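The values are calculated or read from the model by the stated rules, or taken from the named source; none is laboratory data. From a predicted model like this one, the values you see are computed outputs, not experimental measurements. Note that we place each Cβ from the backbone using ideal geometry, even for glycine, and neighbour counts take in every protein chain shown. We work out accessible area using only protein heavy atoms, side chains counted, and drop any ligands, DNA or RNA first. Shrake-Rupley method; radii C 1.70, N 1.55, O 1.52, S 1.80 Å.
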Amino acid sequence: SPNEELRTDIVTLTSHIIAQQQLSPKPATGDLSLLLSAIGSACKWISNVVRKAELLKVIGATGVTNVQAETVQKLDILSNEIFINLLKGTGRAAVLVSEENEEAIFIDTPRGHYCVVFDPLDGSSNIDCGVSVGTIFGIYELRDRSSKPSVKDVLRPGTEMVAAGYCMYGSSTIMMLTSGQGVDGFTLDPNTGEFLLTHKQVKLGKKKIYSINEGNAHAFDDAVKEYLHSVKFPPAVNGKVPAYSARYVGSMVADVHRTLLYGGIFMYPTGKLRILYECFPMSFLMEQAGGKSSTGRIRMLDVVPDNLHARAGIFLGTTEEVEKVEALYRKMD
Ligand code: AHG
Ligand code: MN
Ligand code: MN
Ligand code: MN
């Protein structure tokens, strides 16, 4: 193939967003496009800081615990401030919900018609050992522009999100994004600082992979134990054992990114993951890529969170595998 630098079919995140804006069902104001561009800028800056963390002495913990009762890493705070400042700067967001802020942030701005929920740095316990981390986000439109924004604008089912995505700071910096017309992926070109379209209309791969922290097995429901047994000791089909691979990174963004591209099932049954800014965005992407996401009992996107940091058990990935778990829950409940 021609030298990459000579490529002329360049689609940047910005040009892609504008193209998608033309497809949007109702006349687009460009506000969502502006928000998504700002999210892109925030992820570029977070990527920049994460990659130099050790050098900038911003590695390690702050000694503070957050509303999640987790030890907050210095990069959790930096990423959170970068995200909040860049989103505030657009003047298009009325409500911000962050993993790192106990309360929602309300911004009084005349053209603030959107709510952004986000996990500024996912997998942060992995930073000190250099494992991939990421940022996760989801966007709702205000329910109605005439009434004062409130938490009621974000305590809504994931089906009402208008866009969602993540950025993974891994061997390369990749953003996966959906606004309801499929999933597209962008790779950050460090030389130009552009996110270039590299994964068009992503559909789940077909590899047999299961991904779960087995250290929590003592707390798994019987349905999960039975499912795990079935993938570890799969019955032979025509004399061949359809073996599965076990893969677990411990950063949701990395485990979900692999699941999106390779296929398989990612599970966190014991309710650690937060519904609004971890489960919903990843579930929206999975469904748009032809997969499924469930609490084990109901479709994840149908859940209505009862508080900003509500958690849920989650099973997402290849439809066939997620449906096996759901069938086992039905059988065992
Ligand atoms: P965060 O770093 O944003 O708090 O999220 C951590 C989450 C998620 O990234 C990952 O899937 C999960 O924690 C891993 O939990 P275990 O370490 O218990 O496996
Ligand atoms: Mn955390
Ligand atoms: Mn997280
Ligand atoms: Mn986080």
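Rounded, prolate or oblate: which one fits the stretch 1-159, using the alpha carbon gyration tensor with axes a ≥ b ≥ c (rounded when a/c is under 1.5, else prolate when a/b beats b/c, else oblate)?
Details: a/c = 2.37, a/b = 1.10, b/c = 2.16.
In terms of gyration-tensor shape, oblate.
So what is the relative contact order of the chain, in percent, for Cα pairs below 8 Å that sit 6 or more residues apart?
For the chain, the relative contact order is 15 percent.
Among 150-158, 175-183, 258-266, how do they line up by average Cβ neighbours within 10 Å per residue, starting with the highest?
258-266, 175-183, 150-158
For a quick check of understanding: with a 1.4 angstrom probe and all protein chains in place, what accessible area in square angstrom does His199 have, to the nearest ten?
The accessible area comes out at roughly 50 Å².
Could you derive backbone 3J(HN,Hα) for the stretch 124-140 from the dihedral phi with the Karplus parameters 6.51, -1.76 and 1.60 (θ = phi - 60°), listing whole Hz in sequence and x where the residue is Gly or Pro?
4, 5, 8, 4, 4, 10, x, 7, 3, 10, x, 10, 10, 8, x, 10, 10
Take the solvent-accessible surface of the protein heavy atoms, probe 1.4 Å, and return the percent of it on the stretch 114-154 that carbon and sulfur atoms account for. Walk me through the intermediate numbers first.
Working: 750 of 1510 Å².
In the stretch 114-154, the share of accessible area belonging to carbon and sulfur is 50 percent.
In the Gaussian network model of the chain, springs joining C-alpha atoms below 10 Å, which of Cys129, Cys115, Cys279 carries the largest mean-square fluctuation?
Answer for the Gaussian network model of the chain: Cys129.
Given the C-alpha centroids of the stretch 1-60 and the stretch 262-333, what is the distance between them in whole angstrom?
Using only Cα atoms, the two centres lie 27 Å from each other.
Using r as the Cβ-Cβ distance of Lys148 and Asp302, and R0 as 22 Å, what FRET efficiency do you calculate, to the nearest 0.05?
With R0 = 22 Å, the Cβ-Cβ based efficiency is 0.20.
With the full set of protein chains in place, find how many percent of the accessible area of the stretch 56-96 is carbon and sulfur; take the probe as 1.4 Å.
57
In whole Hz and in residue order, list the ³J(HN,Hα) couplings for the stretch 289-297 that follow from phi through the Karplus curve 6.51 cos²θ - 1.76 cosθ + 1.60, θ = phi - 60°; x for Gly and Pro.
9, x, x, 9, 8, 9, 7, x, 10
Taking 0.36 nm per residue of separation and subtracting the Cα-Cα distance, what length does fully extending Arg51 through Asp128 add?
26.6 nm
I'd like to check one number: the per residue accessible area of the chain, probe 1.4 Å, reported in Å² as a whole number.
Values: 14920 Å² over 333 residues.
Per residue, the chain has an accessible area of 45 Å².
Taking only complete DSSP H runs, can you tell me which helices of the chain stretch 18 Å or more along their own long axis by Cα positions and average at least 0.0 on the Kyte-Doolittle scale?
TM-like helix candidates: 31-52, 74-90.
Taking the alpha-carbon set of the chain, what are its Rg and Dmax in Å?
Using the Cα atoms of the chain, the pair Rg, Dmax is 19.8, 66 Å.
Using 0.36 nm per residue, how much length does the chain from Phe233 to Val64 gain when fully extended, once their Cα-Cα distance is taken away?
56.5 nm
If packing is taken as the average number of other Cβ atoms within 10 Å across a peptide's residues, how do 140-146, 221-227, 121-127 rank, most packed first?
121-127, 221-227, 140-146
Can you list, by residue number, the Cys in the chain that have no neighbouring cysteine C-beta under 4.7 Å?
Cys115, Cys129, Cys279
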